[in-house]
Amino acid sequence: MFKKFKGLCVIYLSALLLIGCGKDEALDEYQTNMETFFNDIAEINDNMNSIDVGSEGYIEELLAYLDALDEEVAWMAELEVPDEFSAVDSLADQASENMSQAVSYYHLAYEGEEYDENMESAAGEYYDRANTIIQYIITILHGEIPEGEGVTYTEEDKIFGGGYMNKSEDEVDE
């Protein structure tokens, strides 16, 4: 289940390598915050994937990491999004809502008197949805238009940032 998340972290780390620097303070602050977000979720992912499922208390450990992941996504959703990336704002909120729902269902699935497979399945769906939305955010930060089932957009001047996060300092100056 969490192997998918590992794949997302590879994408996140790749995004970090592609992000450039600029002269706009709001954009630079947002870039720094997003780098922090990607680093933090990569660390949480590594910790989740290193859990020994044969050990006593592994469920509590997993749920604690999921809680931390939920907090990180909620933090990312609260960031001030520069106008150049206005499309990210509502997506970040959606990602946070879906992650919170996923984590809530994971708690219900594993903390009840008996394991609840239906709750775990619902949690997985919300978890996947949150990660898909985060992939859309990465795409937008790279100045591209996300593609996928149910994705619609309207073109507005600079709504996708013109690839600002992909540009080198020299390109931003032009």
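A few remarks follow.
- Stretchable slack from N47 to D24, in nm (0.36 nm times residue separation minus alpha-carbon distance): 4.8 nm
- Surface/4 of the Cα convex hull for region 33-153, nm²: 8.0
- Distance between modelled label sites at E117 and E78, nm, 7 Å Cα→Cβ extension: 3.9
- For region 46-136: accessible area per residue (Å², 1.4 Å): 53
- Taking each residue as 0.36 nm, the span from L108 to N33 lengthens on full extension beyond its C-alpha to C-alpha distance by 23.9 nm.
- Computed from backbone phi, the HN-Hα couplings of region 114-128 come to 10, 4, 10, 4, 5, 5, 5, 5, 5, 4, x, 5, 5, 4, 4 Hz, rounded to whole numbers (Karplus: 6.51 cos²θ - 1.76 cosθ + 1.60, θ = phi - 60°; Gly and Pro given as x).
- Two-site label geometry, E147 and Y58: point separation in nm, points 7 Å out along Cα→Cβ: 3.9
- Efficiency of FRET from Cβ geometry, D67 and D89, R₀ 25 Å, rounded to 0.05: 0.55
The values are calculated or read from the model by the stated rules, or taken from the named source; none is laboratory data. Computed from a predicted model, the values in this text were never measured in an experiment. No Cβ is skipped: glycine too gets one built from the backbone with ideal geometry, and neighbour counts run over all protein chains shown. Heads up: the accessible areas ignore ligands, DNA and RNA and are worked out on the full protein's heavy atoms, side chains in. Shrake-Rupley method; radii C 1.70, N 1.55, O 1.52, S 1.80 Å.
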